[in-house]
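Just so you know, all these numbers are worked out from the coordinates, no wet-lab data involved. These numbers come from a predicted model, not from an experiment. Every residue, glycine among them, receives a Cβ derived from its backbone with ideal geometry; neighbour counts consider all protein chains shown.
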Amino acid sequence: MLEILEDTLIDSIKLLPFLFVAYLILEYIEHKISDKSKEKIQKSGKYGPAIGSILGIFPQCGFSVAATNLYAARVITLGTLMSVYLSTSDEMLPILISRAVPVNLIISILAIKFALGMIYGFIIDFAINIKNKNKKEEDKIVDLCEEEHCHCEKGIFKSALKHTISIFIYIFILTLIINVIVNAIGEENLQNFMAKSSIFEPIIASAIGLIPNCASSVIITELYLSEIISFGSLIAGLMVNAGAGIIMLFRINKNLKENIKIVALLFALGAITGIVISLL
């Protein structure tokens, strides 16, 4: 239990810089920028999926947490959020490097995640724009303090710090619960389950990849390196592995129905991509 507590605390602390920067941006937008400037920020987001995919390939789930905050405030689009989620790698890259995996394989995996994250992101935004073409009211950037009912108007640094600490506690508690559950099930049991599910490998891999815990990316990567699962299943599991971003989504975005749809879309994209790659 002490080891679980230590791992949870370390993982949560790693997110602090990303949380603080995200809230600092939101506070600045809320208190220092005019409504006209906010509209320009939103309109400039058409290149967001490309930027999101670039940031996502770095082995740090903090970007998915920051992106979730920005999406909940409607600063970035759903396509940009999904591009970050789909390209995020978490523990995959360090494992591949530590196991001396050929550089060309590492580059191939990162390139696939980057390219698909960006492509899917642009497609999602394009589909939403067509759907909302005749919509009279556009989404506005949400005022964070008003949404959270925190009444913090004493400077953006103090407000950002207050939000960061509040969300840090939430993430720590939720991550601790998830870590305890994963530890109780056992990584070995999850690996055995995957090994016996060859027919539905990409689907099972996507389901395991959704677990907001570093163990999920570790299990999927190790199974692939042990030649137990296919390359398609590896991609399927890693594409949906958005880390603590999923936890943050349900905390900060108030629309529960929308959150469920986002997770379902993430799962579907990962599973379908994995199946297609396996067939090819």
Sequence of Glu222, Glu6 once ranked by neighbouring C-beta atoms within 10 Å, starting from the fewest: Glu6, Glu222
Footprinting exposure proxy for Ser12, Ser166, Ser206 (fewest neighbouring C-beta atoms within 10 Å first): Ser166, Ser12, Ser206
Proximal charge balance of Asn179 [Cβ under 10 Å; K/R count +1, D/E count -1]: -3
